[in-house]
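First the structure, in the form of structure tokens, and then the observations on it.
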Amino acid sequence: MSDLILTDIQNRTLIVRINRLNRKNALTHAMYTALADAITAAHANDEVRCILFTGNEDCFTAGNDLSEFANGMPGDFQDTPVGHFLFGLANATKPVVAAVNGPAVGIGTTMLLHCDLVLAGSNTRFQMPFASLGLCPEGGSSLLLPHWLGRVRAAELLMLGGTFTAEDAYRLGLINRICDPLETEQTALKLCQQLANQPPAAIRATKDLLNRASLKPLEATMLAEGALFGERLQSPEAAEAFKAFAEKRKPDFSSFK
């Protein structure tokens, strides 16, 4: 594993920690590969009964590293590192838990839609700023969010791309509970222990039934999103958004049609 993605097994739980704090845990292609490999390793290890994704008490992830993704996707979406990670997460058969604090931007929010339990610190700020960056939704969010929240609420989150708090996420049903940021991970580990103590085949069967109805449309949606996301990365709108981000100014989309 990369030293930017740390893994450890505790009490039958594989802890997967994003560890790039000097860049607010922004994700690179290499980090996505390490995350995907962690999911594969968890399913190959009979000792592991649960997977926990986390960062630290101050930051989950600021999303994609724009300096790297500005160059586009390295191939068809399903064959890219981020594609491997998202499909691995969506198809995981063992329970997945997330402990989230601080920024949870872009995929830092959409990946949570594939987790079975999500705990967030009171300092968490969620955001899906895809459209604001000249991009489009990813991670199946354009399918899952309207189904869970209703179309108008999903449209607000995805089109306007504003931040929302842990309290908002709890009210919308996107997280299980709100924690003190210093206690989020330990509280999540206790839930992982409860899951690990359950009959493993029964947990897998329950997860399969919860996911079965949406699995095929989710796969099709993720492929469509991924293809369009790759195209949008090469768009003039994204170029302006990324340039503005690097120059620490507000992007100007007034001349675009």
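A single entry from Phe229, Phe256 fulfils the requirement of being of a type in the set (Phe, Trp, Tyr), surrounded by fewer than 16 Cβ atoms within 10 Å (Cβ to Cβ) and either in contact with a helix residue (DSSP H, G or I) (Cβ under 7 Å, 6 or more places away or on another chain) or touching a residue at least 24 places away in the same chain (Cβ under 8 Å) (or both): Phe256.
Pairs, please: C-beta under 7 Å, at least 6 apart or cross-chain, first residue touching a residue at least 60 places away in the same chain (Cβ under 8 Å) and in the stretch 154-181, second of a type in the set (Ser, Thr, Tyr) and assigned to a helix (DSSP H, G or I)? Close Cβ pairs satisfying both conditions: Cys179/Thr187.
Look at (1) in a helix (DSSP H, G or I); (2) free of Cβ contacts under 8 Å to residues at least 60 places away in the same chain; (3) touching a helix residue (DSSP H, G or I) at 6+ places or on another chain (Cβ under 6 Å); (4) crowded, with 16+ Cβ neighbours inside 10 Å and you find that Phe242 fails only one, number (2).
Evaluating Asp58 against the criteria (1) within 29 Å of Ala213 (Cβ to Cβ); (2) not in a helix (DSSP H, G or I) leaves one unmet condition, (1).
Of the residues screened, Ile9 is one that is surrounded by fewer than 22 Cβ atoms within 10 Å (Cβ to Cβ) and aliphatic (A, V, I, L, M).
Restricting attention to the stretch 130-169 and to residues that are part of a helix (DSSP H, G or I) and touching a strand residue (DSSP E or B) at 6+ places or on another chain (Cβ under 6 Å), the residue that is nearest to Asn101 (Cα to Cα) turns out to be Ala166.
For the stretch 12-29, a residue qualifies if it is hydrophobic (A, V, I, L, M, F, W, C) and either surrounded by fewer than 16 Cβ atoms within 10 Å (Cβ to Cβ) or part of a loop (DSSP other than H, G, I, E, B) (or both), and the qualifying residues are Leu21, Ala26. Counting only residues that are surrounded by 15 or more Cβ atoms within 10 Å (Cβ to Cβ) and among the polar types (S, T, N, Q), which one in the stretch 185-197 is farthest from Asn91 (Cα to Cα)? Here the residue is Thr187. Against the numbered list (1) farther than 30 Å from Arg23 by Cα; (2) part of a loop (DSSP other than H, G, I, E, B); (3) of a type outside the set (Ser, Thr, Tyr), Arg249 comes up short only at (1).
Picking from residues in the stretch 30-53 that are in a strand (DSSP E or B) and not aliphatic (A, V, I, L, M), the one that is nearest to the chain's Cα centre (by Cα) is Phe53.
Here, each number is a calculation from the coordinates, and none is a lab measurement. Keep in mind that what you see is a predicted model, and the values were worked out from it rather than measured. As a convention, Cβ positions derive from the backbone with ideal geometry for all residues, glycine included, and neighbour counts pool all protein chains shown.
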